[in-house]
Amino acid sequence: VQLQASGGGLVQAGGSLRLSCAASGRTFSRYAMGWFRQAPGKEREFVAVIISGLDKALYSESVKGRFTLSRDNAKNTVYLQMNSLKPEDTAVYYCAASMRSAMVVAASLYDYWGQGTQVTVSS
C-alpha cells in the first residue's frame, strides 16, 4: 500500500483545511486509516482513526469537536477536515494504514505511512 497525503498549507487561527490521503491497492477498505502529527521537537502523536463499517471515527482529545475524519472506499481516500485551527495544531501530518482493521491509536501498530504534509497555523 502506498499513501499520498496532500492538502496542507498555511492558515490563520480559526481557519480550516482539509487533508486528503489517497491509497493505492484494491484492499483499501480492510485497513484502519489514521492520522498522526509531529511538531518540531515533539513525538509523533495520534490524531484520529477510522475503520470501514462504522459511521464514526476516534479522535484525540486535543482535536475532538474540531476535526472530522471520513473515508471514501470507492476512491481509496480518507479526508481529515480540520476546523477552528489553533497555532498548536501546527505540525507535519501523516496518514497511515493499519491491517488490524480496528481503532488503533499506537503508531507502532500501523503498517504503512504517507510522506507527511505540513500544516502551519498562524496566530
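The values are calculated or read from the model by the stated rules, or taken from the named source; none is laboratory data. The structure presented is a predicted model; accordingly, all values stated were derived computationally and were not measured. As a convention, Cβ positions derive from the backbone with ideal geometry for all residues, glycine included, and neighbour counts pool all protein chains shown. Note: areas computed on protein heavy atoms with side chains; ligands, DNA, RNA excluded. Shrake-Rupley method; radii C 1.70, N 1.55, O 1.52, S 1.80 Å.
Structure values in brief
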item	result
Backbone HN-Hα couplings from phi across segment 94-106 [Karplus 6.51/-1.76/1.60, Hz, Gly and Pro as x]	10, 9, 8, 10, 10, 6, 6, 6, 9, 6, 7, 10, 7
Estimated FRET transfer efficiency (residue 74, residue 6; beta-carbon r; R0 25 Å; 0.05)	0.85
Percent accessible area from carbon and sulfur atoms, the chain, protein chains only, probe 1.4 Å	48 percent
Net charge contributed by nearby residues that have their C-beta within less than 12 Å of residue 57 (K/R +1, D/E -1)	+2
Kirkwood-based Rg to Rh ratio, the chain, C-alpha trace	0.94
R0 of 30 Å, Cβ-Cβ distance residue 122-residue 24: FRET efficiency to nearest 0.05	0.35
Heavy-atom surface of the chain, accessible at 1.4 Å and reported per residue (Å²)	51 Å²
